[in-house]
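The values are calculated or read from the model by the stated rules, or taken from the named source; none is laboratory data. All values reported here derive from a predicted model rather than from experimental measurement. No Cβ is skipped: glycine too gets one built from the backbone with ideal geometry, and neighbour counts run over all protein chains shown. Note: accessible area is taken over every heavy atom of the protein model, side chains too, but ligands, DNA and RNA are not part of it. Shrake-Rupley method; radii C 1.70, N 1.55, O 1.52, S 1.80 Å.
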Amino acid sequence: MQFDLVIKNGTVYTEKGFHKLNVGVAGEKIAVLAEPGVELEGNKVIDAAGKYVLPGFIDCHCHLRDPGLTHKEDFYTGTMAAAHSGITMVCPQPNIKPVPSTLEAYMEEVKAGEERAVIDFNPIGCPLGTPEDVKQIAEAGSAWFKLFEKVATYPYNTTAGTLDTHRIYEAFRAVAATGKYCSVHPFDKYFFDAAVEKIKAEGKPLTLENVRHLWYSDEEMTGAAYQLSYYAKKAGLKWYAMHAWMPGYIDLVRMLKERGKMTIVSSFEYMPAMDASDEIYHIDSGKYIYLNHDAKPDKAKIWEAVRDGTIDMIGSDHAPHAPEEYHPEDALHTGAGFAMLDYFGHLLVSHVNEGDLSLERLVEVTSVNFAKTFGMYPRKGSNLPGTDADFTIVDLNQEWEISEKDTVYTKTQTIPYVGRKMHGKVTGTVVRGRVVMDNGVMDAQPGWGKMITAENSK
Ligand SMILES: [Zn+2]
């Protein structure tokens, strides 16, 4: 038999561990996993000798700004950046225009994805419409729901509006009725405002450098998370503990999992793993335009939680802004967050070589756990014959450095982490049989990306 694609000589992830296997792909599906002695003929052949063939990485948390804010990013540029570092599916978050809190708005986002995405996707709905709206979005296939908490002074103008805790509880009840998960970005407006007042009282200018380290503290985020976990339990909600990176928040998730009294899944978003000294380089202007100044989380504790199963998934939190939207001298009106999908997959691979997690655990937190939690397994995350031929091909031996001269596909044309030494690289991205990236060279088609749901994964 002549296959459409053959990936030969690689070490392939399977449910029974890693094995040297040759992969035959027919159309969009894995047709066969053959022993190394069995030669497969293919119209296209990738030699993966010395490399690992993993189930496609899924980014559970990114912002693609489409529709409505496409001067920052859109489904095409954002998914190109994602595929560039090995991501085969993304979940765009709902702070777009219009906010996907009605079926009509949600389907507008799905349509944008179907027209422009080069990899698969599932947009995350916002549960701030009526209970009937929430039900309709759930039935349309949103993997889960997400909202922001107490965002009156969020440093950029989120489109989701200001929330109170009673409204969050009502949203939890509406989502619980659908059987889907719901996540909240845990904040506390009063801690946030107090930080601003403190800087003003000290007579200092309200720059990002002065105030940023006081925001999103352990007290703020963990306090909010405790309250949310109670509302979730009370509402009978499957709680998605998102942004679980502060020490007390990690301890809370670990305790709730051990007790086993509620359904809970958690993710750590990669962005806070940035060092406070990391700057964002803008290719077109040749300038460094944004310095992170983040609250410094306990990175050792985060990676321990990734290893021991407290944290189930890692999202990029790719959060691009147009270069002219950064005003670090004015903390309340600057873009916060930055584009990182061009590097996210490579960074995760590098963490394997740096000893933060095993390759097997990487597969779990980037693919298997997502697919199982949101009802897409084994279509995604399994590498089983008959399932989608999504692969992230990884060379653990390549040493390289992130450079100002890199090519990136994010619309922002920005590069984080210039100068970071990388240990390992993603060399191939295959999405339902199509080789979208091969050794850094893109061969993508807008509209190739499909909306993947629990419902169409059965
Ligand atoms: Zn985010």
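Which pairs break 31 Å Cα to Cα here: Lys380/Lys425; Lys29/Lys257; Lys238/Lys425; Lys261/Lys372; Lys111/Lys233; Lys135/Lys411?
From the list (Lys380/Lys425; Lys29/Lys257; Lys238/Lys425; Lys261/Lys372; Lys111/Lys233; Lys135/Lys411), the Cα-Cα distance tops 31 Å for Lys29/Lys257; Lys238/Lys425; Lys111/Lys233; Lys135/Lys411.
With θ set to phi - 60°, apply the Karplus curve 6.51 cos²θ - 1.76 cosθ + 1.60 along region 116-127 and write out the HN-Hα couplings as whole Hz, x wherever there is a Gly or Pro.
After applying 6.51 cos²θ - 1.76 cosθ + 1.60, I find 10, 5, 9, 10, 6, 7, 8, x, 8, x, 9, x Hz.
Could you tell me which of Thr77, Gly50, Ser367 has its Cα farthest along the dipole of the chain towards the positive end, charges placed at Cβ (Lys, Arg +1; Asp, Glu -1), taken about the Cα centre?
Ser367
Taking the Cα centre of the chain as origin, sum charge times position over the Cβ atoms of Lys and Arg (+1) and Asp and Glu (-1), and report the length of that vector in debye to the nearest 20. Don't skip to the end; give the middle numbers.
Values: 47 positive and 63 negative charges, 243 e Å.
Here the size comes out at about 1160 debye.
Which value, in Å to one decimal place, does the Kirkwood hydrodynamic radius take for region 56-373 when every pair of different Cα atoms is included? Can you show the working numbers first?
On the way: mean 1/r = 0.0507 Å⁻¹.
Kirkwood radius, region 56-373: 19.7 Å.
Would you be so kind as to identify which of Val110, Gly27, Val134 lies farthest towards the positive end of the dipole of the chain, taking Lys and Arg as +1 and Asp and Glu as -1 on Cβ and the Cα centre as origin?
About the Cα centre, the residue reaching furthest to the positive side is Val134.
Taking every pair of alpha-carbon atoms in region 313-422, give the share separated by more than 18 Å as a whole percent.
Values: 3684 of 5995 pairs.
More than 18 Å apart: 61 percent of the Cα pairs in region 313-422.
Measure nothing but the geometry: give the 0 to 90° angle between the long axis through the Cα atoms of 189-201 and the longest principal axis through the Cα atoms of the chain, rounded to 10°.
60 degrees
Could you pull the Cα extents of region 178-285 along its three principal axes, largest to smallest, in whole Å?
Largest first, region 178-285 extends 47, 37, 25 Å along its Cα principal axes.
Taking H placed 1.01 Å from N in the peptide plane, check which residues at least 5 places from Lys20 or on another chain put their amide H under 5 Å from its amide H.
Val12
So how much accessible area does Arg167 have, in Å² to the nearest 10, using a 1.4 Å probe?
70 Å²
Taking a ≥ b ≥ c as the square roots of the Cα gyration tensor eigenvalues, with a/c under 1.5 meaning rounded and otherwise prolate when a/b beats b/c, else oblate, which class fits region 385-450?
On the way: a/c = 3.01, a/b = 1.49, b/c = 2.02.
The shape class here is oblate.
So what is log10(I(q)/I(0)) for region 45-141 at q = 0.16, 0.18, 0.21 1/Å, when the Debye sum runs over its Cα atoms only?
-0.65, -0.78, -0.98
Hey, with R₀ at 51 Å, roughly what FRET efficiency would Ala201 and Asn9 work out to, going by the Cβ-Cβ distance, to 0.05?
For Ala201 and Asn9, the calculated efficiency is 0.20.
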